[in-house]
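Down below is the structure, laid out as structure tokens.
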Amino acid sequence: MLLSDLLDSDAVDADGRRVGAVIDVRLEVSGAPRQLLADAVVTGLLVSPHSRFSTWGYERRDENGPLLIAKFQRWLHRGTFLVLWDDVEKVDQGRVVFRRGYTARDAALPRAPRER
Amino acid sequence: MTENPDAVETDAAPPPAGRVLDAHLHVLDRQVLDRDDVPVTTADDLELDGIEVGARIEPGSPPPTVAAILTGPQLLMRLFGGHAPASRTIRIPWRLVSEVGTVIHLGVAGETLDATWAERWVSRHIIGRIPGGRHAPE
């Protein structure tokens, strides 16, 4: 499957209610070690209840400039949440179904070590 | 657990076991450079292994992994929809990636990749036929 097949998909809960759209796929470079870099594993899906497009990821970082764009992007993507891959029940064409009782998690990106 | 995803209160994500990347934000449209910092292409899409469309995902099954960076006609497919035939898709296996930052670094020379076939073709069939086109300027 291609990443672009997942992006923009409708995210629905176990009862078939639409909860948003998949705007990004969270990866972690923590899979099987390779000679250069470990495998990148899909750990979750980012879901925005209000928009299908997220360009700059302001809602996931504490970046604040330019202020107007940051404010608009945060407003557009208010309520964005992360659903771990373990909570994904099924991937259909243009639709991702979450398990019953899935957990909506904080979408913020962890800070890079040098920023801590 | 949050019943309503609109709610601001969300559980924290578990601590990461490695570098965290958001595929669209950190990988798509980034320039790909080879081991000598020579531009190769851009990352137009990613191929994910381990997702079967329409099949139920059993709890505890291994998560999908990134198999390759796709380039070539894939950008048009991403923008306008559809899939390029497999024979037209140019893949750069993820195992060749050495670093993901502002750009994506590969650990191999670009000339060994299918992604640079057009440049090699032009170099051999057009530039190479121009007098003096087969050696560096003196």
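What follows is calculated from the coordinates using simple rules that are stated; it is not laboratory data. The structure displayed is predicted, hence computed values, not measured ones. All Cβ positions, glycine included, derive from the backbone under ideal geometry; neighbour counts span all protein chains shown.
How far, in nm, would the chain grow between B:ASP114 and B:ARG129 when pulled straight, counting 0.36 nm per residue and subtracting the alpha carbon separation?
So the chain would gain 3.1 nm between B:ASP114 and B:ARG129.
Can you give the mean number of other chain Cβ atoms that lie within 10 Å of the Cβ atoms in peptide A:6-18?
Taking the mean over all residues of the peptide, I get 1.
When Cβ neighbours within 10 Å are restricted to other protein chains, what is their mean count per residue of peptide A:89-100?
3
Within the range A:5-108, list the trypsin sites (Lys or Arg not before Pro) lying in a DSSP loop whose Cβ has at most 10 other Cβ atoms in a 10 Å radius.
Counting only loop positions with at most 10 other Cβ atoms within 10 Å, the trypsin sites (Lys or Arg not before Pro) in the range A:5-108 are A:ARG17, A:ARG100.
For B:GLU138 and A:PHE53, FRET efficiency with R0 = 51 Å and r from the beta-carbon atoms, rounded to 0.05?
With a Förster radius of 51 Å, E is 0.50.
Round to a whole angstrom and tell me the spacing of the C-alpha centers of the range A:15-83 and the range B:48-127.
Between the Cα centre of the range A:15-83 and that of the range B:48-127, the gap is 21 Å.
Semi-axes, largest first, in whole Å: what does sqrt of 5 times each Cα gyration tensor eigenvalue give for the protein assembly as shown?
Result for the protein assembly as shown: semi-axes of 36, 20, 17 Å.
Quick one: longest stretch of chain A between exposed loop chymotrypsin sites (Phe, Trp or Tyr not before Pro), exposed meaning at most 16 other C-beta atoms within 10 Å and loop per DSSP? Show your work: numbers first, answer last.
On the way: sites that count: A:PHE53, A:TRP56.
Of all site-free stretches, the longest is A:57-116.
In nm, to one decimal, how far is the modelled label at A:ASP92 from the one at B:VAL122, with both set 7 Å along Cα→Cβ?
Placing both labels 7 Å along Cα→Cβ, they lie 4.5 nm apart.
May I ask you to list the GluC sites (Glu not before Pro) in the range A:9-116 that are in a DSSP loop and have at most 16 other Cβ atoms within 10 Å of their Cβ?
A:GLU63
If you build a Gaussian network model of chain B, linking Cα atoms that sit under 10 Å apart, which residue out of B:GLU47, B:GLU58, B:GLU111 swings the most?
B:GLU58
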